[in-house]
Amino acid sequence: MNSLAGEIDDVVILIPPGAWEMNGTVSISHSNVTILGAGPSRTRFFRKHEESTPFFRISKAHNVRFSGLFLAGNADPHSVSKEYGLYFKTVKDFRVDHCMFAHSGFGGVETVGETSGVVDHCVFYQVYKPSIANLGYGVVVFGTNTIQHVPYGSPRATFIEDSSFSGCRHAIASNGGARYVFRHNRVDLNIVAHAIDAHGHEFGSAVGTEWVEIYENEIANPGYLTYAMRIRGGGGLIWKNTVHGYATAIRLTESTDQSTGTVYIWGNTITGKLIDASPDTTPLPPANGIPSYKTSAPSNYVAYPYPHPLVTDLQARAGPDQVVMLQPGASEASVFLDGSASTQSKGSIVAYRWFKGKSLLSHCPRDVVKLPRGQHLILLEVQRSDGLVEHDLTVVRVVAYGPHRSSTTWNALWFLPTMTTGRISYTLSPSASTMDAYVGLTGRQTVASHQDNAIIIRTNPTGHFDARNGASYDAINSIPYHANTKYHVVVDVDLGTQRYSASVNGKVLATKYAFRKPVTSISQLTTWHATGILTTTSLTVSGKLAKPDPACHKTPAQDAGMADLGRADSGQRDLGRADSEDGDSQRRDSGGAHTGRKDISTTRTDESAPPPEHVHGGCECRSSGNSGDTGDAGAIVGIMLLLFFFRARRKIDETVPREPSAEPSPSAARPPATAPASHP
């Protein structure tokens, strides 16, 4: 079995933008490991073949985290493979956050045994496979196959919160002594069966579910209309949910020798039949017993803290990815790093550290660093006053000097920001005498629409230049353009007044025109076209440019508590050892062994992978240059280790949990906006 195990220090493994097909399973049996992708729309593992195994299997460990990944099973409509994205067995304090799961015929996340942790800010969609006509869970929870009499409100459970589920058979299911807390989620378009499930003593389990807590969720827009929740065994608390579109919100059944209940039901809001007081809450009694329920809370019940303590307030924000062009004759580009948007509500942020591989680039919130040509994974580590740390990843691609051509989406180059006043100049060449294209200038955010640009210089369809002035286009002078002719554009910006002036070949085009979008800096140039191609060269920026923080030293000494980031672990790591204990004959992993390497960094030059909505079989989701359909799990381990094996400093303290990634919630991660045929 391909594995990541052995005596290694705490690690953060960075996986850059890209897409890789995975054969087999990567197994992890070591604690204090974080696998951090560049976001679920950019870092993706997929399958386009039949294979009923996990993508990642984690066992006998603690403090293991997956963040910013997309795991897609075989999307072929005829697929019968029963994949699951992440499989946790006997793992304490796991966290899965800001990830996406799709087409995983068995389930997105599975937890087994004495496992506890949280799945938060994740998206599960199109998990159910019609050809299987069963399974298709977002999250599935199996316990230890014993009833342990753990009280409600305990942390000894699988928590699912702040996530969305669409196109699943059940958003969550359980058996075998399981305990789960399902809260603050959105569920819609459940398929074939009810959205929320808890099994009794069924399907080969020694016992059924021990208990479930289901509260403050929104369950609506069903594909299956009969009932939203079904409890078949064990106890439960179901409260303050909003349920719309179902004939019955809750169905309690007892078809095995395990009792169902007492289930406590209160404070829910539904359309149609009432849920708190109506006898319709319980359908006709099954043959083996009558479920018991109450329409009030149990005495002395205290819900476990929300958000889960592993999901706290510290957020590292490394800023958007950047593409930076070398200047003529230069071997390195100046790149502005800004982590000042990192936040916390408790304590204070006392340290910022920027790493490239094992190298400490800077210890300041903002700094200017030099990077050579290629793709660079830059890790930001922020530390709170109590010693807690959090990480975020930004990708900087430094490209060779040369022409920059427009595209039908937004094609951006980044430069050192102008912070108060400054001048940006470039040479522009249109490919036709009448076309619709522009060069935009804006601040430090990803450009996904025309409205994201602060300044726009346009070659309009009438064959003249114009410029954006607030809500419309205007021009001081009529300046025509011609195909394959070079024009020198100068733009003077004033961030204080949010206005700019521009000239073309020395002739005034705009004077104190208003920004289209308010920004605090001008830091990138975007070229776009609907018709024709616009080429820019000779970009120069001058004026009041961003500088490192005053306290930032170019060669900071590592503080006394910093781990030794400059040396590889001298101990041998047993990367071939697999966990021989599975405990479930229906979910065996494939065998094999793999020996990986660590402490090696590499770069990639391909574009970010397309968003997950474009994945319908695998091959079209690979970026140019990706390993794609020839990869296997051993290769994936190699990629992970080769790309970035970072020995992070972390305070390991059971009472001080780790924080969420700064990557936006995947519920907000959608395909890049596509430009309309003509520019508004």
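Brief remarks on what is shown
- Remark on Ser362: its backbone amide H falls under 5 Å from those of Trp354, a criterion applied only to residues 5 or more positions apart or on other chains, H modelled at 1.01 Å from N.
- A crude spin-label estimate for the pair Gln445 and Tyr224, with each label 7 Å from Cα along the Cβ direction, gives 4.1 nm.
- Given Lys89/Lys294; Lys82/Lys356; Lys240/Lys346; Lys370/Lys544; Lys486/Lys547, the pairs whose alpha carbons are separated by over 30 Å: Lys89/Lys294; Lys82/Lys356; Lys486/Lys547
- By a 1.4 Å probe calculation restricted to protein chains, Asp162 has an accessible surface near 40 Å², given to the nearest 10.
- To the nearest 10, the accessible area of Cys364 is 10 Å² with a 1.4 Å probe.
- Solvent exposure of segment 13-81, expressed per residue, is 18 Å² of accessible area, with all protein chains present and a 1.4 angstrom probe.
- Inter-label distance, nm, simple model (7 Å from Cα along the C-beta direction), His464/Thr269: 5.5 nm
- Separation of alpha-carbon centers, segment 165-239 and segment 414-462, rounded to whole Å: 51 Å
- FRET efficiency, Val150 to Lys370 (Cβ-Cβ, R0 51 Å, nearest 0.05): 0.40
- The alpha carbons of segment 52-199 occupy a box of 41, 28, 26 Å along the principal axes, longest dimension given first.
- Label-to-label distance for Glu114 and Tyr306 is 2.9 nm, based on points extended 7 Å past Cα in the beta-carbon direction.
- Ligands, DNA and RNA left out, the accessible area of segment 19-170 computed with a 1.4 Å probe is 54% carbon and sulfur.
- The residues of segment 101-147 expose, per residue, 23 Å² of accessible area to a 1.4 Å probe.
- Cα-based convex hull volume of segment 76-135 per residue, rounded to whole Å³: 69 Å³
- By the equivalent-ellipsoid construction on the alpha carbon gyration tensor, segment 368-508 comes out with semi-axes of 34, 18, 14 Å, ordered largest to smallest.
- Of the chymotrypsin sites (Phe, Trp or Tyr not before Pro) in segment 171-209, those whose Cβ has at most 14 other Cβ within 10 Å and which sit in DSSP loop: Phe203
- Heavy-atom accessible surface of segment 481-548, averaged per residue, reaches 44 Å², computed with a 1.4 Å probe.
- Compactness relative to 2.2 N^0.38 Å, alpha carbon Rg of segment 171-220: 1.20
- Centre separation in Å (Cα based) which lies between segment 352-396 and segment 63-138: 30 Å
The values are calculated or read from the model by the stated rules, or taken from the named source; none is laboratory data. Worth saying up front: this structure is predicted, and the values here are computed from it rather than measured. When we count neighbours, we look across all protein chains shown, and the Cβ atoms used for this are built from the backbone with ideal geometry, even at glycine. The area values use the complete protein model at the heavy-atom level, side chains included, leaving out ligands, DNA and RNA. Shrake-Rupley method; radii C 1.70, N 1.55, O 1.52, S 1.80 Å.
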